[in-house]
Structures are given as C-alpha cells and as structure tokens.
Amino acid sequence: MRIGAIALAGIVALSGTVAAQAENSCGKDVEVKPGDTLSTIASRCGVSEGLILRANPRIDGSADLRVGQTVSLTGPMDKLKSMASNAGQELSQAADNVGSQVKSSVQGFLNDNPQLQSNIQDLGSRLVLSNGEAPAEVTLDPARPTPGQTVTVSATGLPKDTPVLIGGGDPGSAFAELDKARTTPEGTLQAAVKLPDAITGERYQISVRDEDGAWKAEAPAFDVAR
C-alpha cells in the first residue's frame, strides 16, 4: 500500500513538472518556416530540441522538417498529464491485472500494439529502403543547377511503386516540396523538377522521401551558382 502511495505521489509530482515544461511562447504547435532547424524552432518557442523530437516521432533531425508543416510541442506532455489525473484508479487496477497482461511471445505483444509494430516497420524502411537490394541513390542532371533551372532528378533503390515527395532546401534544415512523383515497379525514379527562382542559402540539397516521412534519400548537396 505504501509503495502504491509513493508511486502515485511521484506521478503527480511529474505531472506538475511536465505542466511547467509545456509552457512556451508558441503554444501547442508551431509552423515550420523556410530555413528552420530544430535549434531555431526550440529557440523561437522556448523549448528544448529533445521535446520537439519526443513530440514528433517521425522527425529524426532538422532535415526531416517540412516548410509549412505543423510541429507539435506538447504531444507527450498531454499524455503524461492525463495519466497523472487517472493514476489512483490505474495503479490499483494495474496491480490486479499484471499477470493477465504478460505475453508469452514477442509477436503476441506486437499484435496487441499495432502502433509499435508500425514504428518498427518504419525503422526498417529507414535503414534499408530497397529491401536488401542496392542502397538508394539520388543524382541530378546537371549536378550543379542554378536557381530557376529545371533539373532531372534520378533515383534507384527506392521502395517500389510508391508515391514520393521531391523536396529541396539548405542541407540540414527544413525542406520545401518541389514536386510529387511515383516510383516505378522496379524502385526507380526520374522526374524533371524546377528549382525555386530565389535560393537564399550558399548550398542546396534535393531529396526524395516518403510522403509520411518514414524514409528519405538525398542527392549530394551543391554550391548555389549566382
């Protein structure tokens, strides 16, 4: 009984800390601007980069940010506060149901947690885009295009017959959508894409990625010719 009381007190205390951390200058979410990185968003909104990553499981780094995208700043916080508010009932019920919740196989556990299974599959897609074949590769023709020029984006080793986004932006920062396309049944892609007339950065990088952000493949970044 004493252990349960201590656990409950800990959760309630955590919820107070979480509520304090949830306060920021941007509210519950923020729109990604051109050139944004995790660092600039964290600074602008008064939160940590770690909070942004925890609240947005699909984002692994600044290059996964998409201009115009809404980034959550409070997802995990809301869940923890909800857990704390129901902690008294849940702690008691959990103690009675521990034995019945234990699964004898990993597959059984995954079947009961489809979101976890989906995340594992997404991770596999990130690590091996081509299902064991040649690694994904993206090339440009010309390799160093100028602002406003149409460039041919070619790619191999991508997931087969899949809708994709073609994006561009400063390396390591938020990307802007340039076009949409679909890979061939062989997992290749070739698309003519017009670059923005105005590119402010010194370097630019084009990427091909899943519409949901599960994976991406990037062409080598190039210096912007003026």
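Values in this text are rule-based calculations from the coordinates and carry no lab data. Predicted model, so just to flag it, every value in this text is computed and none were measured. Positions of Cβ are generated from backbone atoms using ideal geometry, with glycine treated the same way; all protein chains shown enter the neighbour counts.
Observations, loosely collected:
- Simple spin-label estimate for residue 58 and residue 44 gives 1.9 nm between the two label positions (7 Å along the Cα-to-Cβ direction from each Cα).
- Two-decimal log10 I(q)/I(0) for region 137-223, as the Debye equation yields it once each C-alpha is a single scatterer, q = 0.21 Å⁻¹: -0.94
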